[in-house]
Amino acid sequence: MSDGYEQLAETVREVEQLQSESGLDKASVFNLHDLSFQTSLPEADIRRLLDGEPVESPRSGPAELARRIAFLRETRLTVDEHTGSRRQYTIVEIAAGSGMTPQWHGKLLNQSTPNIWHGAGLAKFFNVPMEYFTHTPPEALKRVLDSKVIPDLTALLKNPSEAVMNRHAMQIQLRLGDKELPPNLETALMAFVDAISQESSGP
């Protein structure tokens, strides 16, 4: 069975070709923060994978599964209905939303069992593919490049003139990725974008 490194290398070359055609900078296309968010891999590991270098294999099944679930809790936040601030989901909320008991979810986090038969429920709750819990590092990175980065670049390049006009907007989108901004920053960003839009469409 392939370890996934050769297939990843082919995908990276495809992205690099699209990046060259688009005129976008490499840091925007290969946004380490967003790629980490999508894969749970450390940014240092993603950098090595993009450079064609191997990374350390994941730990035992239960330990790695617990790490990936913990990463989801740390990065996929909800808004507290009382304070309006972002916070982590509680174990009770995750268990209820993914169809398991809090005790079973606790077992997963405590590495007590490698069973991931609740993986579909967890994937749906956190809005990630089932493969998030099973892919090796090169497979995980390839999945995100194939499903997110390449389609975004391809859509941008369908109209070359539009690609040039929207290059900087695309860089902002790629740099932000799926990062969740605090409500005040979201409001400020949208106000800034609206101001630019009005300026560009003025008389």
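Values for this structure:
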{"read-out": "Filtered residues of the stretch 68-87 (kept if under 16 Å from Phe37 (Cβ atoms) and either of a type in the set (Gly, Ala, Ser) or surrounded by 15 or more Cβ atoms within 10 Å (Cβ to Cβ) (or both))", "value": "Arg68, Ile69, Ala70, Phe71, Leu72, Arg73, Thr75, Arg76"}
{"read-out": "Qualifying helices (runs of 4 or more DSSP H) (wholly inside the stretch 1-92; at least 2 residues being over 24 Å from Pro151 (Cβ atoms), among the basic types (Lys, Arg) and at pLDDT below 95)", "value": "61-75"}
{"read-out": "Matching residues, the stretch 120-135, being assigned to a loop (DSSP other than H, G, I, E, B) and surrounded by 17 or more Cβ atoms within 10 Å (Cβ to Cβ)", "value": "Val128, His135"}
{"read-out": "Cβ pairs under 6 Å, 6+ apart, first in the stretch 34-47 and farther than 11 Å from Leu141 by Cβ, second part of a helix (DSSP H, G or I) and of a type in the set (A, V, I, L, M)", "value": "Glu43/Leu32"}
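The values are calculated or read from the model by the stated rules, or taken from the named source; none is laboratory data. This structure is a prediction, so every number in the text was calculated from the model and none was measured. Using ideal geometry, Cβ is built from the backbone for each residue, glycine included, and neighbour counts are taken over all protein chains shown.
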